[in-house]
Amino acid sequence: MFSALASLLLLGIVPTPALSSGVRELPGIERLAVAAPNPMKDSLIVPHLSASGALLIDAESGEELFAIDPDTRRPMGSLAKIMTALLVLERHALHESVVVPPLVEDIGGSSAGLVVGQRFSVKALLTALLLPSANDAAYTLAVFDGRSLATFIRSMNERATELGLKNTHFANPAGLDNDQQFSTPRDLGWLTMAALRQPVFRELVGSRSARITANDGRVFDLKNTNELLHYNAEVFGVKTGTTAGAGECLIVLFKQNDRSYLLILLGSKERYTDSLHVLRALSLAMQ
């Protein structure tokens with residue numbers, strides 16, 4: 001994956017400024033629907049993308065600038081963790097202590113290596129959830145919040161209804177493939193906009209790496225799975241997702257000419273290449 005990004009960098013599709021470590025301040029999402037209409041909407045020409053579903057949103061005016069089949073339901077992979085994070089942030093204090101439950105031993109896929117019985121703060125588990133996309137962190141937070149997995153999943157779907165996400169349904173807190181777990185680019189765009197209003201969510205999805213510590217003293221060094229975040233200074237998050245059913249999924253928050261954009265990609269074969277093509281198309285439209 002790095003070699004593909006390196007090739008794109010050499011081709012000049014994406015700038016290569018020196019990047020410092022740590023968290024960068026994210027663009028001003030709070031201005032949504034207040035900013036003036038985007039003047040370059042009609043001049044935007046996006047080349048063919050490998051994604052089966054896509055949506056580009058001006059994150060300040062709320063305009064949809066480009067779309068590919070944005071309302072068709074598809075698997076979303078770990079993008080489901082955005083809802084998991086949102087619920088936890090809305091309902092809990094960051095310092096609360098959480099015990100890793102036995103059920104994490106049976107969860108496959110990406111993992112932070114949490115051990116049953118360890119204790120972490122809510123913020124530490126959110127860090128594991130959003131940076132390395134840890135499934136064990138997702139299930140730990142779900143059981144902590146809902147006291148049972150079924151209760152938390154019901155809360156996920158109730159919150160989706162409250163947010164007006166008419167084509168979204170959750171079956172687990174991690175994004176594992178399930179016929180009853182699906183969403184659309186448009187729904188995921190607005191879910192992400194809601195999550196970005198949470199300062200801690202913005203902080204975490206903009207972090208390239210982090211370290212968390214369990215109550216037993218074990219230290220976990222975590223790296224963000226979003227490769228663009230590591231190599232492109234215009235990118236400020238948000239989340240990756242990959243499963244056999246979903247293919248490559250990605251939500252990218254980026255900024256060009258002091259304006260913020262949110263790109264949602266589902267069912268992609270080359271999500272980073274797709275993203276860089278959209279960034280390049282925006283840059284050309286602004287010239």
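The values are calculated or read from the model by the stated rules, or taken from the named source; none is laboratory data. This one's a predicted model, so the numbers in the text were calculated from it and none came from an experiment. FYI the Cβ positions are ideal-geometry reconstructions off the backbone, even for glycines, and counts take in every protein chain you see.
A few notes on this one:
- Being charged (D, E, K, R), in contact with a helix residue (DSSP H, G or I) (Cβ under 9 Å, 6 or more places away or on another chain) and exposed (fewer than 15 other Cβ atoms within 10 Å of the Cβ) is a description that applies to Arg154.
- Within the option set Ser183, Ser133, Ser148, being over 24 Å from Ala67 (Cβ atoms) and surrounded by 19 or more Cβ atoms within 10 Å (Cβ to Cβ) holds for one residue only, Ser133.
- Condition met for Gly164 (modelled with pLDDT under 95, in a loop (DSSP other than H, G, I, E, B) and not basic (Lys, Arg)): yes
- Residue selected from the range 70-95 under the condition under 10 Å from Leu266 (Cβ atoms) and in contact with a Leu (Cβ under 9 Å, 6 or more places away or on another chain), by the criterion surrounded by the fewest Cβ atoms within 10 Å (Cβ to Cβ): Thr72
- Only listed residue being among the hydroxyl-bearing types (Ser, Thr, Tyr) and modelled with pLDDT under 80, chosen from Ser21, Ser110, Ser97, Ser61: Ser21
- Residue within the range 164-172 that is at positive phi and surrounded by fewer than 21 Cβ atoms within 10 Å (Cβ to Cβ) present: yes
- For the range 195-232, a residue qualifies if it is of a type in the set (Gly, Ala, Ser), surrounded by fewer than 21 Cβ atoms within 10 Å (Cβ to Cβ) and part of a helix (DSSP H, G or I), but none of them does.
- Residues that are farther than 19 Å from Ile82 by Cβ and without any contact (Cβ under 8 Å) to a residue 40 or more places away in the chain were ranked within the range 249-287; the one that is surrounded by the fewest Cβ atoms within 10 Å (Cβ to Cβ) is Gln287.
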